[in-house]
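**Student:** Below: one structure in structure tokens.
The values are calculated or read from the model by the stated rules, or taken from the named source; none is laboratory data. All figures in this text were calculated on a predicted structure; none of them were measured in a lab. Neighbour counts run over all protein chains shown; Cβ positions are idealised from the backbone, glycine included. What goes into the accessible areas is simple: the full protein's heavy atoms, side chains included, and nothing from ligands, DNA or RNA. Shrake-Rupley method; radii C 1.70, N 1.55, O 1.52, S 1.80 Å.
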Number of protein chains: 4
Amino acid sequence: MPLVSHIKIKKRMSVSSLAEQMEAVKVLGPGRFGKAARILGDMFRDKNCTKFVSLAGPLIPGGLRSVITDLVDGKYINGVVTTGANVTHDMLEALGHKHIVGTEAADDTRLRQQGLSRIYDLYVAQKSIEDLEKSTYRMLGRIPEPKRRDIGSYELLREFGKQLQDSTSLLHTAQVRGATIFCPGIFDSMLGLHLWTYSRLHALIVNPLKDFSRLVDMTYERKRVGVIILGGGMPKHQVLIANTYRGGVDAAIQITLDRADGGGFSGAPLEEAISWGKVKTPRNLVTVVGDATVLFPILAVAALQQLRN
Amino acid sequence: MPLVSHIKIKKRMSVSSLAEQMEAVKVLGPGRFGKAARILGDMFRDKNCTKFVSLAGPLIPGGLRSVITDLVDGKYINGVVTTGANVTHDMLEALGHKHIVGTEAADDTRLRQQGLSRIYDLYVAQKSIEDLEKSTYRMLGRIPEPKRRDIGSYELLREFGKQLQDSTSLLHTAQVRGATIFCPGIFDSMLGLHLWTYSRLHALIVNPLKDFSRLVDMTYERKRVGVIILGGGMPKHQVLIANTYRGGVDAAIQITLDRADGGGFSGAPLEEAISWGKVKTPRNLVTVVGDATVLFPILAVAALQQLRN
Amino acid sequence: MPLVSHIKIKKRMSVSSLAEQMEAVKVLGPGRFGKAARILGDMFRDKNCTKFVSLAGPLIPGGLRSVITDLVDGKYINGVVTTGANVTHDMLEALGHKHIVGTEAADDTRLRQQGLSRIYDLYVAQKSIEDLEKSTYRMLGRIPEPKRRDIGSYELLREFGKQLQDSTSLLHTAQVRGATIFCPGIFDSMLGLHLWTYSRLHALIVNPLKDFSRLVDMTYERKRVGVIILGGGMPKHQVLIANTYRGGVDAAIQITLDRADGGGFSGAPLEEAISWGKVKTPRNLVTVVGDATVLFPILAVAALQQLRN
Amino acid sequence: MPLVSHIKIKKRMSVSSLAEQMEAVKVLGPGRFGKAARILGDMFRDKNCTKFVSLAGPLIPGGLRSVITDLVDGKYINGVVTTGANVTHDMLEALGHKHIVGTEAADDTRLRQQGLSRIYDLYVAQKSIEDLEKSTYRMLGRIPEPKRRDIGSYELLREFGKQLQDSTSLLHTAQVRGATIFCPGIFDSMLGLHLWTYSRLHALIVNPLKDFSRLVDMTYERKRVGVIILGGGMPKHQVLIANTYRGGVDAAIQITLDRADGGGFSGAPLEEAISWGKVKTPRNLVTVVGDATVLFPILAVAALQQLRN
């Protein structure tokens, strides 16, 4: 029977050598974290693998906008499946708005009066969201009407990415680098409200079936598919279910604070997805228990450092 | 300063009198649970209040199908916003399939070979899901093609509810009793896969904008809006964001195991939603920490028992 | 293969019939809750079973003081293993002090200045804790010095229970009804600080080995042992490890929000304890995921109502 | 109002520069993690600060034995307050036994028959624990009987540390380097069972009051006190409450998966401890949500790397 190792830390160790030490533990949190770093490194190295990331939770407003964007820029990620909120917050920053450091102990009624909306301990100005409306309308107006009558979210976001001239923007960078951004629940967001009000005056049908067709097509483009799941929700489910046609994904890591025993999909272990045909084998699968906004940047650096070797 | 009371339990006490004892504690879990029972009772009693429930997590397959259906049947709930999975599982049972008692320690590769798919410790036969395809196609075929070319999920589910002849079905009961079921991410489910394959051969565009328009309209139908949030995800967000136009919901209870400090919307306290204009005031709001599949049936009985008085 | 049932709720149903409906679900949260109610009812009914409850977390200050006390009074519980905090708060109330309704969003620096100490959203006056010192000293002074030189916590708390004339007190009621209260970490509490300062001036050695001897003896007194675990920590571990000599407990329920995958003992499933000889078989074991301050009062009522039949 | 920054990751970045990037985010998980790294670095650098670490959960068996030991060896930690389990597992390894890589999906009844005991996904042989008895008896026999009649756990563990000739052992290293190890609940562990059986035949009273006196004394030895809280339980509480006499600790970081809203002390934010006088000010306090076995090694490396500058 294999034995548990102990992590040796050193002043001069790199992130990747620390992750290797953790993988050698083989059990509990360190074993899971180390395995995730190794799977992620393998994914990044694999040219025959289409890499998806799913984003749920406040990743873009919460400090990971450049992490995701830079990985897209480096072609380490080919497809992004995201909540509407993360798209909204990327666009807000692309339009020059900022996220504000706040506190979770705020008086929300007063914040509302001050024109601030809260995500745990960060704020966004309502005025920014109003400004987003004008910009969204203007960008929509530049899309030919026939296209607008039956458009997938991935096509819409590519159009927005083209029009947003901000090299730090996920939408813009994805458009430039040929990565595809899917937002299957795009209407369920502040951006979505603007799309909805636009649609009441102008032609606009965002067709989720077009998204799903494109997503399924992408799963066939290369020999392997790897998935990085940050948070749960519809983005996690969408990216996994689209892979059932090809017999499941080849590798996946998931970082989440959601727990399995409630039975919800967000907290479900990746092994469960094997029984649904969404994942191929129990090899190259790992769930890291924790906050993706903390752990993913560390794992990403560990994976990139593996590439140097 | 008000003081903490202690719960007195008695052999012959009703669920509602136990909940009242808990409300009197005023702090911690009992205070939150008791307050939720009171808010729910007030909602059920209020004829001038449109009541929504949002469903995320395995509520329908996990034993709460009749709880939700009976509340719809009793007109205690007017609108349901749900994940596609809960719709899928309601339809499976309406078509005569059953959910199977399993174990969370299963070998998922073997389950896959046996044709069983797993949700924590319950199984569903893949054959049931294949059968669902035929039935779905047949039901879609009976919807006039022009209607199918631009249909909201709520309209589609009303058609399905009409065709499913099962009085224990949520879809059927909602259709009979005039309640509306929204499934904004309907494609992100096993039912959704069948809709997608159908759409590749036949006319079908499910338009989320139609759903949102209907949902917003419903928030204006009566003087007040009350929301019961079971689990998080898109159903929670959708039902709250649709209420921003009317200035926010008047009352809401939420039951979830998700935590706030990750910053994700699923675990966010309802107070945070005030700063977004999704909720009106901090009165009549409460988050109960726990498993909705355990706590909601108890809260529902407590609320119904209040009505007798 | 057994099938999942659905809960039927009715206006006039008792807590125990609701729990029976939940047990019939057999899976997920309802299955676990229903099973816990049944195991608890079986324990309460069983005259040949020594019943222990372990208390960690703010059960006594948080509204469950009478629930625990009344079960001890009814001889449904024979042994209590608790944190020092729960003993401290029972004594505070027995001495006429009260717990105050507060808020979790308090400014703790200001609370400190106001002489209030906080447990989530409840407060206790520092003055109450200072008063406890005098009373503790007085009660210790009445214990003969030779006894004080080598005393178990269970003996000390029996002395306190005798001297505290309050029929709502857990310590007092336990002493009257012959139940035994163990507090293996008694020094790790506000009461413990008073014991420590006393010990610097007067003879006092509280010997944890005496506690453990008595606890092990109690596990042999009747044919069976049943354990109710509310929260985790040392109380959970102590009550289980004391049962290893007799081959493990016969039945146990545990209610906790702690999760298993961190590897800590507090969140560990009861099945794991079988491998340590702390539990006999996987029958009659269940972990209910949730807040014990919410779920235990409900389970206790359900169990008591079963006894009527 | 300060603005949220975004983390920039680079291939060649050190752990500490990644942590600095995270601190600059200022909100959510990255802000908390980065702040923890900075506070830890400040603690390590501060010669006028007595540094304590509290250990609860499977840190020693789960791969962090060398991390803790090496920090003690480097004099970055002066006091350790731990559960009995972590002491037990350190001694097992010092005596040549190993921890085995297992699986959390094990059949515990079969493991019991195979002589293996489980901690989530790692096993320990029952035979190792039996061997520990002999060694413990032998080591106790070498302690003069008068000393054994009234000994603190810290003195007992110093004796054990002296006798265990293993430079990778926490107990041994602490003894060599003059760090003090406290185990206030030492009887509540497998080692504790051996102490208890020994005490039935030989003189042995382990007096928790002696521990507490020593712990309080240590809080006065230098100008400042810093605390690193890994997991919760009695170790967390003990180290904080001992600091009330000096007006509270000056700096503290806590890493835990326990949540605050249950009201239990393990998940309580450090700010709450201000209202109890256990912590001085809200500056230099942070709770990192996550698994300490994953996050602490990373934070420790980040802190050590700050020292180079």
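**Student:** May I ask for the equivalent-ellipsoid semi-axes of the range C:243-309, computed as the square root of five times each C-alpha gyration tensor eigenvalue and listed largest first in whole Å?
**Tutor:** Details: eigenvalues 106, 64, 12 Å².
Ellipsoid semi-axes (Å, largest first): 23, 18, 8.
**Student:** Carbon and sulfur together cover what percent of the accessible area of the range D:78-173 at a 1.4 Å probe radius?
**Tutor:** Values: 1740 of 3730 Å².
The value for the range D:78-173 is 47 percent carbon and sulfur by accessible area.
**Student:** Using a 10 Å cut-off on Cβ atoms, rank the peptides A:180-188, B:109-117 from the highest mean neighbour count down.
**Tutor:** A:180-188, B:109-117
**Student:** Starting from one equal scatterer on each C-alpha and no solvent at all, send me the Debye-based log10 I(q)/I(0) for the range D:171-216 at q = 0.30 Å⁻¹, two decimals.
**Tutor:** -1.05
**Student:** Go through the range A:48-74 and flag every residue whose accessible area shrinks by 20 Å² or more with all protein chains in place compared to the isolated chain (probe 1.4 Å).
**Tutor:** With the partner chains in place, the range A:48-74 has these residues losing at least 20 Å²: A:Pro58, A:Gly62, A:Gly63, A:Ser66, A:Val67, A:Asp70.
**Student:** Same structure, new question: Dipole of chain A (Lys/Arg Cβ +1, Asp/Glu Cβ -1, origin at the Cα centre): which of A:Thr287, A:Thr173, A:Leu307 lies farthest to the positive side?
**Tutor:** Result: A:Leu307.
**Student:** Another question, then. Taking each residue in A:234-246, count the Cβ atoms of any other chain within 10 Å of its Cβ, then average. What number comes out?
**Tutor:** On the way: counts 10, 1, 1, 8, 5, 1, 1, 8, 3, 0, 2, 2, 0.
Whole-number average of other-chain Cβ neighbours for A:234-246 is 3.
**Student:** While we're here: Quick check on the range A:154-195: take the gyration tensor over C-alpha atoms, sort the square-rooted eigenvalues as a ≥ b ≥ c, and tell me if it's rounded (a/c under 1.5), prolate or oblate.
**Tutor:** prolate
**Student:** Let me ask something else. Taking the Cα centre of the range A:23-105 as origin, sum charge times position over the Cβ atoms of Lys and Arg (+1) and Asp and Glu (-1), and report the length of that vector in debye to the nearest 20.
**Tutor:** Details: 10 positive and 8 negative charges, 76 e Å.
Its charge dipole is roughly 360 debye.
**Student:** Also, quick follow-up: Taking the alpha carbon gyration tensor of chain D, what are the square roots of 5 times its eigenvalues, largest first, to the nearest whole Å?
**Tutor:** Values: eigenvalues 226, 109, 63 Å².
Over the Cα atoms of chain D, the ellipsoid semi-axes are 34, 23, 18 Å.
**Student:** Go through the range C:188-193 residue by residue and turn each phi into a ³J(HN,Hα) via Karplus (6.51, -1.76, 1.60, θ = phi - 60°); whole Hz please, and just put x for glycine and proline.
**Tutor:** After applying 6.51 cos²θ - 1.76 cosθ + 1.60, I find 8, 6, 5, 4, x, 4 Hz.
**Student:** Under a plain spin-label model, where a point goes 7 Å from the Cα along Cα-to-Cβ, how far apart in nm are A:Thr281 and D:Glu133?
**Tutor:** With each label point 7 Å from Cα toward Cβ, the separation is 4.5 nm.
**Student:** From the P(r) of the protein assembly as shown, can you give the percent of Cα pairs sitting at distances over 40 Å?
**Tutor:** Working: 348164 of 763230 pairs.
Pairs farther apart than 40 Å: 46 percent.
**Student:** Using a 1.4 angstrom probe, figure out how much accessible area the range B:188-229 has per residue, in square angstrom, rounded to the nearest whole.
**Tutor:** Numbers: 1420 Å² over 42 residues.
On a per-residue basis, 34 Å².
**Student:** Taking amide H positions as placed in the peptide plane 1.01 Å from N, state which residues far from C:Ala251 in sequence (5 or more) or on other chains have amide H under 5 Å from it.
**Tutor:** Hits under the 5 Å cutoff: C:Val225, C:Val227.
**Student:** If the label for B:Tyr220 sits 7 angstrom from Cα along the Cα-to-Cβ line, what are its distances to the same label in every other copy, in nm to one decimal, shortest first?
**Tutor:** Counterpart label points of B:Tyr220 in the remaining copies fall at 4.5, 7.3, 7.8 nm.
**Student:** Between copies, how far apart are the B:Lys75 label points? List them in nm, one decimal, shortest first, with each point 7 Å from Cα toward Cβ, please?
**Tutor:** The projected label point of B:Lys75 is separated from its counterparts by 5.3, 6.4, 8.0 nm.
**Student:** Follow-up. Shielding by partners for B:149-160, please: the mean number of other protein chain Cβ atoms within 10 Å of each residue's Cβ.
**Tutor:** On the way: counts 0, 1, 0, 0, 0, 0, 0, 0, 0, 0, 0, 0.
So the per-residue partner count for this stretch is 0.
**Student:** How high is the relative contact order of the range B:98-254? Use alpha-carbon pairs under 8 Å, at least six apart in sequence, and give a whole percent.
**Tutor:** Working: 175 pairs, mean separation 27.5, N = 157.
That works out to 18 percent.
**Student:** List the residue from chain D whose beta-carbon is nearest to the axis that rotates chain D onto chain A, together with that distance in whole Å.
**Tutor:** Nearest Cβ to the rotation axis, residue and whole-Å distance: D:Gly290, 2.
**Student:** What is the P(r) of the range A:30-123, as percent of Cα-Cα pairs per 10 Å bin from 0?
**Tutor:** Percent of pairs per bin, in order: 14, 36, 28, 16, 6, 0.
**Student:** Under 8 Å for C-alpha pairs, at least 6 residues apart: give me the relative contact order for the range A:1-125, rounded to a whole percent. Walk me through the numbers before you get to the answer.
**Tutor:** On the way: 124 pairs, mean separation 19.5, N = 125.
Averaging sequence separation for qualifying contacts and normalising by length gives 16 percent for the range A:1-125.
**Student:** Also, I was wondering about something else. With each label point set 7 Å from Cα along the Cα-Cβ vector, what nm distance links B:Leu95 and B:Arg142?
**Tutor:** Using points 7 Å along Cα→Cβ, the separation is 1.4 nm.
**Student:** If every alpha-carbon in the range D:70-192 counts as one equal scatterer, what log10 I(q)/I(0) does Debye give at q = 0.10, 0.13, 0.18 1/Å?
**Tutor:** Log10 of I(q)/I(0), two decimals: -0.33, -0.55, -0.97.
**Student:** Which order do the peptides A:199-206, B:234-241 take when ranked by the mean count of other beta-carbon atoms within 10 Å per residue, highest first?
**Tutor:** On the way: A:199-206: 15.6, B:234-241: 27.4.
Result, highest mean first: B:234-241, A:199-206.
**Student:** Compute accessible area for the range A:248-265 by itself and then with all protein chains, 1.4 Å probe, and report residues whose area falls by 30 Å² or more.
**Tutor:** A:Leu257, A:Asp258, A:Arg259, A:Asp261, A:Gly262, A:Gly263
**Student:** Out of all Cα-Cα pairs in the range B:169-283, roughly what percent, to the nearest whole number, are more than 17 Å apart? Please report the intermediate quantities before stating the final value.
**Tutor:** On the way: 4126 of 6555 pairs.
In whole percent, the share of Cα-Cα pairs in the range B:169-283 beyond 17 Å is 63.
**Student:** What average number of partner chain Cβ atoms lie no more than 10 Å from the Cβ of the residues making up C:18-27?
**Tutor:** Working: counts 6, 2, 0, 5, 5, 0, 1, 8, 7, 17.
Across C:18-27, the average partner-chain Cβ count within 10 Å equals 5.
**Student:** A follow-up question, please. How many times 2.2 N^0.38 Å is the alpha carbon radius of gyration of the range A:134-209?
**Tutor:** Working: Rg = 11.7 Å, N = 76, 2.2 N^0.38 = 11.4 Å.
The range A:134-209 yields a ratio of 1.03.
**Student:** When Lys and Arg each count +1 and Asp and Glu each count -1, what net charge do the other residues less than 10 Å away from A:Ala203, Cβ to Cβ, add up to? If you can, show how the numbers build up before the last one.
**Tutor:** On the way: positive: A:Lys147, A:Arg148, A:Arg149; negative: A:Glu145, A:Asp150.
Net of charged neighbours comes to +1.
**Student:** Give or take rounding to whole Å, what are the principal axis extents of the alpha carbon atoms in the range B:96-158, in descending order?
**Tutor:** 47, 20, 19
**Student:** If amide H atoms are built 1.01 Å from N in the plane of the peptide, which residues on other chains or at least 5 residues away come under 5 Å of the amide H of B:Val81?
**Tutor:** Those lying under 5 Å, H to H, from B:Val81 are B:Val53, B:Ser54, B:Leu55, B:Phe182.
**Student:** Taking A:Ala24 in one copy and the same position in all the others, each labelled 7 Å out along Cα→Cβ, what are the pairwise distances from the first, in nm, shortest first?
**Tutor:** In nanometres, ordered from closest: 3.3, 5.8, 6.2.
**Student:** Now for a different question. Given a 1.4 Å probe and heavy atoms of the protein chains only, how would you sort B:Leu157, B:Leu95, largest accessible area at the top?
**Tutor:** Values: B:Leu157 5, B:Leu95 55 Å².
These residues rank, largest area first, as B:Leu95, B:Leu157.
**Student:** With runs of 4+ DSSP H residues as the only contributors, calculate the mean residue ellipticity of chain A at 222 nm using -39,500 (n - 2.57) per run, divided by the residue total and rounded to the nearest 500.
**Tutor:** On the way: 14 runs with 148 residues, N = 309.
Value at 222 nm, helices only: -14500 deg cm²/dmol.
**Student:** Separate question: Can you find, among B:Gly96, B:Gly115, B:Gly152, the residue sitting farthest towards the positive end of the charge dipole of the range B:25-164, where Lys and Arg contribute +1 and Asp and Glu -1 at Cβ?
**Tutor:** About the Cα centre, the residue reaching furthest to the positive side is B:Gly152.
**Student:** Further, regarding this structure: Applying a 10 Å radius around every beta-carbon, put C:134-141, A:276-283, D:258-265 in order of their mean neighbour count, most first.
**Tutor:** Values: C:134-141: 15.6, A:276-283: 18.6, D:258-265: 25.0.
Result, highest mean first: D:258-265, A:276-283, C:134-141.
**Student:** Further question on the same structure: What does the charge dipole of chain B about its Cα centre add up to, to the nearest 20 debye, if the Cβ of each Lys and Arg holds +1 and the Cβ of each Asp and Glu holds -1? Mind showing how you got there, number by number?
**Tutor:** Details: 40 positive and 30 negative charges, 196 e Å.
My answer is approximately 940 debye.
**Student:** Using Cα-Cα distances under 8 Å and only pairs 6 or more residues apart, what relative contact order does chain D have, in percent?
**Tutor:** Details: 574 pairs, mean separation 74.4, N = 309.
With pairs under 8 Å counted, the relative contact order is 24 percent.
**Student:** In debye to the nearest 20, how big a dipole does the range D:68-215 give about its Cα centre with +1 on each Lys and Arg Cβ and -1 on each Asp and Glu Cβ? It would help to have the intermediate numbers written out before the result.
**Tutor:** Numbers: 18 positive and 18 negative charges, 109 e Å.
Magnitude of the dipole: close to 520 debye.
**Student:** Using a cut-off of under 11 Å, list every residue of the range D:13-57 whose amide N is near the label point 7 Å from the Cα of D:Lys75 along the Cα-to-beta-carbon line.
**Tutor:** Once the point is set 7 Å along Cα→Cβ of D:Lys75, D:47-48 turn out to lie under 11 Å by backbone N, inside the range D:13-57.
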